[in-house]
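Structure, as structure tokens:
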Amino acid sequence: MNYLSNYNVQFSGLSEGIHIFDFSADKLFFVCFEESEIEEGNVQVQVELEKRSTYLRLNFILKGEVELTCDRCLGKYFQDIQGNFPMLVKFTTEFTEDTDEVIYLQQGESQVNVAKLIYEFIVLSVPMRRIHPDDKEGNSVCDPEMLKKIEEYKIRDTEENKMIDPRWNDLRKIIGNN
């Protein structure tokens, strides 16, 4: 049995109204996505399904943590994430491509698999800049050895660095930025 089938939301047989489904995303979940940068995590996902006769409204509420690689020191750390993501499910008789806000299911379908959506919403919840959070005193918890290396190779503002390469002068004349 495919592990991701645990993320099927069975909506046939449900009465119209709101229904709640709970899922979790852990190491087994992230392993199923080969391209995933996230290998470890513990994210609780609540899917609120509003069933109507012609559509379904899904609301994904995420809260948890995922293990990331720090952009500064390349060390692993856990990042808290949370988010709220709405989706609409519409039924159709012909093939229609999904959009960012709408999933199209064939008329007569009885369930929708939300695993890929959960994965995408987790990835969207990860900050663009991935840096160890500071400790309570405001000090960096990055690897001190790596911080020393960064400082060692940091480009300093010296007169030599401030000199403008003469080849740029001709380009500045072209764009009128003397």
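The values are calculated or read from the model by the stated rules, or taken from the named source; none is laboratory data. Worth saying up front: this structure is predicted, and the values here are computed from it rather than measured. Please note: Cβ atoms are built from the backbone with ideal geometry, for glycine as well, and neighbour counts cover all protein chains shown.
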Task: Pair list, Cβ < 9 Å and 6+ apart or interchain, from the stretch 152-170 residues that are surrounded by 10 or more Cβ atoms within 10 Å (Cβ to Cβ) to residues that are modelled with pLDDT under 75 and assigned to a loop (DSSP other than H, G, I, E, B) - done: Asn169/Asn178
- [ ] Return yes when Gly83 is of a type in the set (Gly, Ala, Ser) and either assigned to a strand (DSSP E or B) or in contact with a helix residue (DSSP H, G or I) (Cβ under 7 Å, 6 or more places away or on another chain) (or both) and no when it is not.
- [x] yes
Open item on the list: Given the options Pro144, Pro133, name the one that is in contact (Cβ under 8 Å) with a residue 12 or more places away in the chain and surrounded by fewer than 13 Cβ atoms within 10 Å (Cβ to Cβ).
Closed with: Pro133
- [ ] Might you let me know whether the stretch 137-154 holds any residue that is hydroxyl-bearing (Ser, Thr, Tyr), assigned by TED's automatic domain parsing to the domain that holds Ser36 and in a helix (DSSP H, G or I)?
- [x] no
Task: So Val102, is it more than 30 Å from Arg72 (Cα to Cα), at pLDDT 90 or above and β-branched (Val, Ile, Thr) - done: no
Task: Single residue of the stretch 81-127 satisfying the filter (among the charged types (D, E, K, R) and out of contact with any strand residue (DSSP E or B) (no Cβ under 8 Å at 6 or more places or on another chain)) that is surrounded by the most Cβ atoms within 10 Å (Cβ to Cβ) - done: Glu120
- [ ] Could you run through the stretch 1-58 and say how many residues are surrounded by 10 or more Cβ atoms within 10 Å (Cβ to Cβ), under 16 Å from the mean Cα position of the chain (by Cα) and not small (Gly, Ala, Ser)?
- [x] 15
TODO: Can you confirm whether the stretch 77-95 contains a residue that is assigned by TED's automatic domain parsing to the domain that holds Glu50, of a type in the set (Lys, Arg) and under 18 Å from the mean Cα position of the chain (by Cα)?
DONE: no
